[in-house]
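The values are calculated or read from the model by the stated rules, or taken from the named source; none is laboratory data. Please read all numbers here as calculations on a predicted model, not as lab measurements. Because the Cβ atoms are built from the backbone with ideal geometry, glycine has one as well, and the counts that use them run over all protein chains shown.
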Amino acid sequence: MIDQMITLRTRLNERVSKANAFAKFLEKTLLERDDDLSRARRALANAARETETLRAMASDMKRTQSETSDARSLDALIARLDRMGKALREDAADADGAVLREVPVIWQGNASDVRLMGSFDDWTRGIHLSPEWHGHGDGMSDTFTATVALVPGVYEVKFLVDGEWRTTDDWPTKGEGFDRNMLLEVR
């Protein structure tokens with residue numbers, strides 16, 4: 001019986017180890033994607049600035065031209081550069097909205113296990129907060145922290161503290177009673 005339990009525990013540990021390795025792989029992939037998005041946003045912003053410079057140069061050239069076909073061509077070029085600059089600025093803003101932001105989260109209160117649950121993952125897994133041990137000697141901690149990576153937006157969240165749903169008065173809230181959730185705004 002004990003050998004079976006040891007075998008089952010070993011198998012479980014192997015599965016947990018594989019799951020953790022896969023989670024780390026996914027996290028690394030997500031961070032690489034985030035870096036790619038950041039680089040793309042910077043490139044788009046640089047291109048938008050370049051179109052503004054080209055537009056200014058074309059405007060200067062137009063001022064020195066008379067009402068000739070060259071001046072009309074410069075008008076068309078300026079209009080086209082304006083459209084291009086606007087499109088690039090919009091694309092840069094869209095790319096920036098997809099870049100993850102790191103948000104520090106803290107739970108203050110005596111507990112042994114704390115998770116941040118919320119609409120960011122449809123209330124499924126949540127994010128485990130790590131205890132900061134202060135030597136109470138009772139296996140409990142009074143401060144739990146995590147850094148949460150989320151795209152900009154407003155999320156409804158609650159803490160799951162030792163199996164019980166909790167909110168804190170330090171955060172803005174929405175709803176009442178059991179439907180009362182905290183609001184986490186990521187900019």
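Before moving on, here are some points about what is shown:
- Total residues in the stretch 173-187, condition loosely packed, with under 11 Cβ neighbours inside 10 Å and within 30 Å of Asp96 (Cα to Cα): 1
- Against the list (1) surrounded by 12 or more Cβ atoms within 10 Å (Cβ to Cβ); (2) of a type outside the set (Asp, Glu); (3) at pLDDT 85 or above; (4) more than 30 Å from Arg180 (Cα to Cα), the condition Leu116 fails is (4).
- Some residue of the stretch 5-22 being surrounded by 15 or more Cβ atoms within 10 Å (Cβ to Cβ) and modelled with pLDDT under 85: no
- The stretch 79-103: number of residues that are in a loop (DSSP other than H, G, I, E, B) and either at pLDDT 85 or above or small (Gly, Ala, Ser) (or both): 2
- Yes/no for Val105 being among the hydrophobic types (A, V, I, L, M, F, W, C), surrounded by 14 or more Cβ atoms within 10 Å (Cβ to Cβ) and in contact with a strand residue (DSSP E or B) (Cβ under 9 Å, 6 or more places away or on another chain): yes
- Flag for Leu37 being over 20 Å from Arg187 (Cα atoms), part of a helix (DSSP H, G or I), outside the structural domain of Thr147 (by TED's automatic domain parsing) and among the aliphatic types (A, V, I, L, M): no
- Residue identified as touching a Leu at 6+ places or on another chain (Cβ under 9 Å), of a type in the set (A, V, I, L, M, F, W, C), touching a residue at least 60 places away in the same chain (Cβ under 8 Å) and outside the structural domain of Ile127 (by TED's automatic domain parsing) among Leu81, Leu77, Leu30: Leu30
- Residue within the stretch 69-77 that is modelled with pLDDT of 80 or more and closer than 30 Å to Val186 by Cα present: no
- Selected residue (criterion: surrounded by the fewest Cβ atoms within 10 Å (Cβ to Cβ)) from residues of the stretch 33-59 that are without any contact (Cβ under 8 Å) to a residue 60 or more places away in the chain and among the hydroxyl-bearing types (Ser, Thr, Tyr): Thr53
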